[in-house]
Amino acid sequence: MLVHRRYLQHNTSVKGWVGWGPKGPFDAELVTIAGQEEQRTSLVNIRIRPSHLALLPGSRFLLVGGRTFPSRTEGVWTPNAVVFSPSGTPRASSASVTTSRP
């Protein structure tokens, strides 16, 4: 995934290139290469800071943020994962866990 440097933000507590990450919302381009074929997919208005990217069947892909947090009142976790269609549009988002709060 390629992100223009204008969207990057540096975390001063982490040294080196791993301290740089995109600040949302941001635009990007996903580049996949299979054999001699290169495919580029434009992504617009990504709202999570991705820590994992997984290629899925049917040219779909999954972006996952590193953390999610529960709401204080409802106990529902904020979505931290988004499935994108082959065209690069978000199809579904979810959080990995739900819980009830007293």
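The values are calculated or read from the model by the stated rules, or taken from the named source; none is laboratory data. All of these numbers come straight from a predicted model, not from anything done at the bench. Heads up, the Cβs are rebuilt from the backbone with ideal geometry, glycines too, and the neighbour counts pull from every protein chain shown. Just the protein is used for accessible areas: all its heavy atoms, side chains included, with ligands, DNA and RNA removed. Shrake-Rupley method; radii C 1.70, N 1.55, O 1.52, S 1.80 Å.
At Asp27 and Thr68, where each label point lies 7 Å from the Cα along Cα→Cβ, what is the point-to-point distance in nanometres?
Placing both labels 7 Å beyond Cα along the Cβ direction yields 2.9 nm.
Tally Lys and Arg at +1 and Asp and Glu at -1 over the other residues with C-beta under 13 Å from the C-beta of Gly65: what net charge comes out?
+4
To the nearest 20 debye, what is the magnitude of the charge dipole of the chain about its Cα centre, counting +1 on the Cβ of each Lys and Arg and -1 on the Cβ of each Asp and Glu?
420
Given points 7 Å out from each Cα along the Cα-Cβ axis, report the Val18 to Val83 separation in nanometres with one decimal.
Result: 3.1 nm between the two label points.
Could you please state how large a percent of the accessible area of the chain is carbon and sulfur, counting protein chains only and using a 1.4 Å probe?
After summing per-atom areas, the C and S share lands at 53 percent.
Could you state the number of Å between the C-alpha centres of segment 5-20 and segment 24-55?
Cα centroid of segment 24-55 versus Cα centroid of segment 5-20: 19 Å apart.
Can you pull the semi-axes for segment 1-55, root of five times each eigenvalue of the Cα gyration tensor, sorted largest first, whole Å?
23, 14, 10
Return the Rg/Rh ratio of the chain with Cα-based radii and a Kirkwood Rh.
1.03
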